[in-house]
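Student: Got a structure here, written out as structure tokens. Questions coming.
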Amino acid sequence: MHSERFIQYTVRMAELMASSIYWPKCTVMVEASRRPAAGPVCLGDLTRGVLAGQSVVSARQSPVLRGTSQCCGVWRCTGCLSPTRELPSAAAMRLLLHSARQVVQVCSDGQLALRGAEMGRLAVLDRPDGGLAVAVDSDGKIAAIGSNESVLAAYPESSFEQVMDVSGQVLLPGLVDAHTHPVWAGDRVNEFAMKLAGASYMEVHQAGGGINFTVEKTRAASEETLLKALLPRLQRMISTGTTLAECKSGYGLDTETEVKMLRVLEAARPRSAVELSSTFCGAHSVPKGKTSSEATDTVIDGMLPEIKRLRDLGELSVDSIDVFCEKGVFSVEETSRILRAGKDQGLLLNFHGEELCRLNSAEMGAGLGAAAISHLEHVSPEGIGAMAAAGTVAVILPTTAYILRLVAPPVRDMIAAGAAVALGTDFNPNAYCLSMPLVMHLACVNLRMTMAEALSAATINAAASLGRAASHGSLEVGKQADLLVLDAPSWKHLIYQFGEAAHIISHVIKRGRVVHSRPASATAAGERCQY
Ligand code: NIG
Ligand code: FE
């Protein structure tokens, strides 16, 4: 049995450098019988290796091990290895995907964000003959990526619970939606008509519509009603490839309803395949009857302590804090006060800024070390520079700019300045869009991003905006196996085929388990596109 014969070692970078091997990643297998009773093992005992995910070698023949000198009568190991983990027992691997024609890793060197020009340089493995595989371990993490031969040499087919032949298909990371408001009651289709007739977002808002209309409906709705509305929205996200989504509260504006919304997100977690990152947005609007200064005090002195109490009790898990910083809503100073109070609780700062006019909130947010700022249609060059320097992710929402006919956010300037740009749907009753592929398409056509930049923005950089880039947003060994199987000749079809994502995503995989498959009708004879 494989598991009895071999022990897996992962070669770390320092060891690679020490032995003049320049492969960024290297997994080696040592026969268990050769393992010393204690201490490290010498590379000379290596019997098989998967090097950079590419090939299977024997130590004695490997060109990359040439240059190491002999010791122990065999080979000298300048970096002796300690085992990082024992291979799991047979059938303990979760999933093998084999024979893919393309694997889009997005990045492959452990980057926690792609900044500026890096966004245009995707890590892509190509084998038009269909020879690429990904193995997922029993924890739902990626164990190996490479040729069919190399992956199967490391993990024989019999060790997998599930084997999927994805011949001719493309694998890419699950998409990450960096900005959504998915918990609410009461649609605003009438306002859409008003806006088409010429009303601006703020005119509708000031007339008592907009966010405040949704607040009334959401306050009146029960937790069950809100959950019932939320779950199908999350299911639609999955069908268009989203596997992790940021989800805000913000239609309560009082402690009770804000907590109710966060509880609805909590209740959705075990019921939905989309992984959720919760954001507390109690400062999404100034509630009727209060000034923005009073509302600021309520958020800081009323809502935040209650959220902390519930987090400490383990009843709520909240990752970030958000404020709608805008003329006529919360000022830069009020926003800064609220964000600092959230930061004191350990929340990531991730707020709405510079959407309808320039307030220089980007400079303020960067100064506070914000993880992300969303919208940014009116951000200044100095604000862009400050965000790039601070590593604050610019979250761009092309649906909102499109629906409200706003000026385009200066995405090209952001990329030129070396900032990390992410994308989100901004799903909310104003911008009813749940599809990240549509958002990527709009980002390319309206905001002049390249397709590679849009995919970086919808994966690793969106994960970075949520503080999850170490585990999400790219296909790399050790990361969570959230991925899409695309029935197309290349990943670019996911963006190119406007509005067709649900038809070309054949499977969505979350932590190594298939959580969504394209309905059979979409693949029936005659309905399938020929490329
Ligand atoms: O990001 N700008 C503030 N918040 C949302 C809109 C929410 C709403 O209109 O209900 C946004 O676009
Ligand atoms: Fe928003």
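The values are calculated or read from the model by the stated rules, or taken from the named source; none is laboratory data. Predicted model, so just to flag it, every value in this text is computed and none were measured. When we count neighbours, we look across all protein chains shown, and the Cβ atoms used for this are built from the backbone with ideal geometry, even at glycine.
Student: Taking S336, is it within 12 Å of ligand 1 (Cβ to nearest atom), within 23 Å of L253 (Cβ to Cβ), at pLDDT 95 or above and of a type in the set (S, T, Y)?
Tutor: Numbers: within 12 Å of ligand 1 (Cβ to nearest atom): no; within 23 Å of L253 (Cβ to Cβ): yes; at pLDDT 95 or above: yes; of a type in the set (S, T, Y): yes.
Here the answer is no, as S336 does not meet what is asked.
Student: Given (1) within 11 Å of ligand 1 (Cβ to nearest atom); (2) at pLDDT 95 or above; (3) more than 20 Å from G424 (Cβ to Cβ), where does H181 come up short, assuming only one miss?
Tutor: It fails just one condition, (3).
Student: Which residues, taken from segment 378-408, are without any contact (Cβ under 8 Å) to a residue 60 or more places away in the chain and surrounded by 20 or more Cβ atoms within 10 Å (Cβ to Cβ)? Outline the logic, then answer.
Tutor: From segment 378-408, those without any contact (Cβ under 8 Å) to a residue 60 or more places away in the chain are 378-387, 389-390, 392, 394, 398-402, 405-408; that's our starting set.
Passing the criteria: H378, V379, G383, I384, A386, M387, T392, A394, P398, T399, T400, A401.
Student: Just checking, which of V274, V264 is away from ligand 2 (no atom under 16 Å from the Cβ) and in contact with a strand residue (DSSP E or B) (Cβ under 6 Å, 6 or more places away or on another chain)?
Tutor: Details: V264 fails: in contact with a strand residue (DSSP E or B) (Cβ under 6 Å, 6 or more places away or on another chain).
Sole residue among the options that is away from ligand 2 (no atom under 16 Å from the Cβ) and in contact with a strand residue (DSSP E or B) (Cβ under 6 Å, 6 or more places away or on another chain): V274.
Student: Find the residue count for segment 449-470, including only residues that are crowded, with 24+ Cβ neighbours inside 10 Å and either within 8 Å of the chain's Cα centre (by Cα) or not small (G, A, S) (or both). Spell out how you get there, then give the answer.
Tutor: Of all residues in segment 449-470, those crowded, with 24+ Cβ neighbours inside 10 Å come to 449, 453-466, 469.
Adding the requirement that they be either within 8 Å of the chain's Cα centre (by Cα) or not small (G, A, S) (or both) leaves 449, 453, 455, 458-464, 466, 469.
Summing the residues that are crowded, with 24+ Cβ neighbours inside 10 Å and either within 8 Å of the chain's Cα centre (by Cα) or not small (G, A, S) (or both) in segment 449-470 gives 12.
Student: Look at G342 and say whether it is under 23 Å from A462 (Cβ atoms), more than 16 Å from ligand 2 (Cβ to nearest atom) and surrounded by fewer than 23 Cβ atoms within 10 Å (Cβ to Cβ).
Tutor: Numbers: under 23 Å from A462 (Cβ atoms): yes; more than 16 Å from ligand 2 (Cβ to nearest atom): yes; surrounded by fewer than 23 Cβ atoms within 10 Å (Cβ to Cβ): no.
No; evaluated as a whole, the condition is false for this residue.
Student: How many residues are more than 18 Å from F330 (Cα to Cα), away from ligand 1 (no atom under 15 Å from the Cβ) and hydrophobic (A, V, I, L, M, F, W, C) if we restrict to segment 358-402?
Tutor: Adding up the residues that qualify gives 8.
Here's the yes/no breakdown for (1) buried (at least 23 other Cβ atoms within 10 Å of the Cβ); (2) touching a residue at least 60 places away in the same chain (Cβ under 8 Å); (3) under 30 Å from W491 (Cα atoms):
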residue	(1), (2), (3)
P232	no, no, yes
S239	no, yes, yes
L253	yes, no, no
K290	no, no, no
T298	no, no, no
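Student: Within segment 384-401, count every residue that is of a type in the set (G, A, S) and within 16 Å of ligand 2 (Cβ to nearest atom). Working first, answer last.
Tutor: Start the filter on segment 384-401 by keeping residues that are of a type in the set (G, A, S), which leaves 385-386, 388-391, 394, 401.
From what's left, within 16 Å of ligand 2 (Cβ to nearest atom): 394, 401.
Going through segment 384-401 one residue at a time, the tally reaches 2.
Student: When you scan segment 201-208, do you find a residue that is at pLDDT below 95 and outside any helix (DSSP H, G or I), even just one?
Tutor: First, the residues of segment 201-208 that are at pLDDT below 95: 201-208.
Retained after the next criterion (residues that are outside any helix (DSSP H, G or I)): 207-208.
Yes: segment 201-208 contains one or more residues that are at pLDDT below 95 and outside any helix (DSSP H, G or I).
Student: Consider segment 421-456. How many of its residues are among the small types (G, A, S) and more than 26 Å from P232 (Cβ to Cβ)?
Tutor: So in segment 421-456, the residues among the small types (G, A, S) come out as 422, 424, 431, 435, 443, 452, 454, 456.
Add one more test, that the residue is more than 26 Å from P232 (Cβ to Cβ), and what stays is 452, 454, 456.
Number of matching residues: 3.
Student: Only one of (1) within 16 Å of ligand 2 (Cβ to nearest atom); (2) surrounded by fewer than 16 Cβ atoms within 10 Å (Cβ to Cβ); (3) small (G, A, S) fails for G210. Which number is that?
Tutor: (2)
Student: Output the residues belonging to segment 311-339 that are over 23 Å from the mean Cα position of the chain (by Cα) and assigned to a loop (DSSP other than H, G, I, E, B).
Tutor: Within segment 311-339, L313, G314, E315, E326, K327, G328, V329, S331 qualify.
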